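Novice: Attaching a single structure in structure tokens format; questions to follow.
Throughout, read-outs are computed from the coordinates displayed, never taken from laboratory work. Worth saying up front: this structure is predicted, and the values here are computed from it rather than measured. As a convention, Cβ positions derive from the backbone with ideal geometry for all residues, glycine included, and neighbour counts pool all protein chains shown.
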Amino acid sequence: MRSRVEIVAAAGAGGGTALVRMQADGQLAVRATGTPGDAGGGATVHLVGAAAGPLGGDEVQVVVRVGAGARLVVRGVAATLALPGRAGGTGQVSTRLEVADGGALDFEPSPLVVCAGARTRTTTIVDLRGTARLHLAEQVVLGRHGEAGGVWTGHLRADRDGLPLLRATQSSAAVDGAPLPGGPAGGPGARVLLTRLVTDATCPAATTAGGATCCPLAAGGVLVTALGRELGRAATDADAALHAAGADSCASVATPS
């Protein structure tokens, strides 16, 4: 199955944000869930699962474009389950985020749970222009409760004005069911990986807190990576790493800078 979501936000009258295009088919639906007043002049939408998947061999494409002066928050509703397909194959989830000069995007979809036997590849491409701001959070969980996880590989590429901001590739394991490396406190390994890219934050040096590390990027912004056995704990560690690093970040990109 092929699924596609496209969301386009543009600056509206009176300093608000207009959702000029929202289209979805296949496994996902998209719903406008916030009014301009709720997000300080921005707009909020949620991605909603409309069918199971991605299964092995499925292709999911998400495109979000934020125009100059627009502010958009994108969230998920429930965890996405990546499942093995009958014919095998790898499920593909591709995300493209484009933010124009003066625009702001807060993109945090639902956690991706890679179930036993599933093979999933995620690719996220970010294109920022001028003073565009981005808060990006990606959450991967290997397996449901009490279940060995499948195999996941993730690629993240971010540019600003055509110049590299970040290049990152991560993988759960070379073999099915093996845990992520580097479990916290000397544990046997992690089943959760949380990644945050915050372009309007700064920190003087890499800082760790629990199972999380906050690293400054040479071209501006910070990257936070948290490993753990529970998603809630990984999120707490990520927040602690940002705080310990003294990262100066806006509370939400949905509010004017």
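Novice: Report, in cubic angstrom per residue, the convex hull volume of the C-alpha atoms of the chain.
Specialist: 114
Novice: Just to confirm my numbers, what's the Cα centroid distance between the stretch 100-131 and the stretch 1-80 in Å?
Specialist: A separation of 12 Å, based on Cα centres.
Novice: Under Stokes-Einstein, with the Kirkwood radius over Cα pairs standing in for Rh, what whole-number D in µm²/s applies to the stretch 69-163 at 37 °C and 0.692 mPa s?
Specialist: Roughly 226 µm²/s, to the nearest whole number.
Novice: Can you tell me the Rg and Dmax of the stretch 183-249, counting just the alpha carbons, in angstroms?
Specialist: Radius of gyration, then largest Cα-Cα span, for the stretch 183-249: 11.4, 35 Å.
Novice: So, one more: Neighbour counts of other C-beta atoms within 10 Å: give me S110, S171, S3 arranged from fewest to most.
Specialist: Fewest-to-most ranking of S110, S171, S3: S171, S110, S3.
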